[in-house]
1. Mind counting the residues in segment 6-39 that are surrounded by fewer than 13 Cβ atoms within 10 Å (Cβ to Cβ) and touching a residue at least 40 places away in the same chain (Cβ under 8 Å)?
2. State yes or no: is residue 127 in contact with a helix residue (DSSP H, G or I) (Cβ under 6 Å, 6 or more places away or on another chain), more than 20 Å from residue 219 (Cα to Cα) and without any contact (Cβ under 8 Å) to a residue 40 or more places away in the chain?
3. Regarding residue 256, is this residue more than 23 Å from residue 232 (Cβ to Cβ) and either modelled with pLDDT of 95 or more or not assigned by TED's automatic domain parsing to the domain that holds residue 319 (or both)?
4. Somewhere in segment 47-62, is a residue under 22 Å from residue 149 (Cβ atoms), outside the structural domain of residue 96 (by TED's automatic domain parsing) and under 24 Å from the mean Cα position of the chain (by Cα)?
5. Name the residue, out of 334, 353, that is modelled with pLDDT of 95 or more, crowded, with 17+ Cβ neighbours inside 10 Å and touching a strand residue (DSSP E or B) at 6+ places or on another chain (Cβ under 8 Å).
6. Checking residue 151 against (1) buried (at least 19 other Cβ atoms within 10 Å of the Cβ); (2) assigned to a strand (DSSP E or B), which test does it fail?
7. So which residues in segment 346-374 are in contact with a helix residue (DSSP H, G or I) (Cβ under 8 Å, 6 or more places away or on another chain) and farther than 19 Å from residue 283 by Cα?
8. Answer yes or no: is there a residue in segment 206-217 that is within 15 Å of the chain's Cα centre (by Cα), assigned by TED's automatic domain parsing to the domain that holds residue 251 and not in a loop (DSSP other than H, G, I, E, B).
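The values are calculated or read from the model by the stated rules, or taken from the named source; none is laboratory data. What you are looking at is a predicted structure, and each value in this text was computed from that prediction instead of being measured. So basically every Cβ, Gly included, is an ideal-geometry build from the backbone, and we count neighbours across all protein chains shown.
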């Protein structure tokens, strides 16, 4: 087998952990992106190693019974949805198997214990338009047009698209408004290769429980954004329905990390509030918050079901973030201690406890391992 060989009649037997199909002609594994178990495909070899090869799918000659039409026009080149063409129930089975094998092979948990504890995944009724946060890179195409979209897999090449069916539909309109602003105000996209340019990303968050929106442009330098341009940006965005706040984030470093440490409020309070179950949460520009609100609620409810708290327990919420699980547990326990290494998250957690009138909870900014050894004597 050599690079550029074209192989026909490859039967896909399984999926790898990253969602690539695996064919095994004569027992030799070939990883082929965009293929599914029971597909029969023609593929071109693009890389050969001693014990495996990689190929690009050229055609699906016989489709898997589990293959469905992708909803998104750029599903294949985009790096966001590796298995969008797999039926949703089979996606859940794939993820279930992936978690099981991680616990078995990496965690070292015996199969007997895993099998006894195993429950089927809780899927979504509507697995579209559920993400409450999106981070869009801003760049240029070969003709110099300012574009946005998502990175192709394992690259920093932007696959141009404004629409993503995992995000709320209003995100696309916000993107168009922001791109138009950049064009009209000569806001140049950041170039990773040279370190020049100003606009790096646009981050959008939506609180599904309240409808509130946060828009956060990520720029290279606050100092180079003059007062006139700041005002023009605010004016361009404030007419967007349900907009609660606009925040600037500065990332001056030559890095592929998206967010920097410094923020500046351009409009509104600098945060949004969401309702999750019976609780209200304040979400800041740098706050960690589960990206799938609907499933987060089911996750927390399931965790409380497993915990079976009676009201007498002292609960430790390790790496508590902004206190979401802590506050759910506090309604059922004697006291909850939330520990988190990020001080800003702890500030948010304390505010969230106050907003919800919950007093049997305390939050500490510390490394989890150090806190437990010093305060509880628990080995971590």
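1. Filtering segment 6-39 for residues surrounded by fewer than 13 Cβ atoms within 10 Å (Cβ to Cβ) gives 6, 8-9, 17-18, 26-28.
Now drop any that are not touching a residue at least 40 places away in the same chain (Cβ under 8 Å), which leaves 6, 8-9, 17-18.
Number satisfying all stated conditions: 5.
2. Numbers: in contact with a helix residue (DSSP H, G or I) (Cβ under 6 Å, 6 or more places away or on another chain): yes; more than 20 Å from residue 219 (Cα to Cα): yes; without any contact (Cβ under 8 Å) to a residue 40 or more places away in the chain: yes.
It is true that residue 127 is in contact with a helix residue (DSSP H, G or I) (Cβ under 6 Å, 6 or more places away or on another chain), more than 20 Å from residue 219 (Cα to Cα) and without any contact (Cβ under 8 Å) to a residue 40 or more places away in the chain.
3. On the way: more than 23 Å from residue 232 (Cβ to Cβ): yes; either modelled with pLDDT of 95 or more or not assigned by TED's automatic domain parsing to the domain that holds residue 319 (or both): yes.
Spelling it out, residue 256 is indeed more than 23 Å from residue 232 (Cβ to Cβ) and either modelled with pLDDT of 95 or more or not assigned by TED's automatic domain parsing to the domain that holds residue 319 (or both).
4. No; the residues of segment 47-62 include none that is under 22 Å from residue 149 (Cβ atoms), outside the structural domain of residue 96 (by TED's automatic domain parsing) and under 24 Å from the mean Cα position of the chain (by Cα).
5. Values: 334 fails: crowded, with 17+ Cβ neighbours inside 10 Å.
Selected residue: 353, the only one of 334, 353 that is modelled with pLDDT of 95 or more, crowded, with 17+ Cβ neighbours inside 10 Å and touching a strand residue (DSSP E or B) at 6+ places or on another chain (Cβ under 8 Å).
6. Just one mismatch for residue 151, condition (1).
7. So the first thing to find is which residues in segment 346-374 are in contact with a helix residue (DSSP H, G or I) (Cβ under 8 Å, 6 or more places away or on another chain), and the list is 349, 352-353, 356, 358-361, 363-365.
Scanning segment 346-374 gives 359, 360.
8. Among the residues of segment 206-217, at least one is within 15 Å of the chain's Cα centre (by Cα), assigned by TED's automatic domain parsing to the domain that holds residue 251 and not in a loop (DSSP other than H, G, I, E, B), which makes the answer yes.
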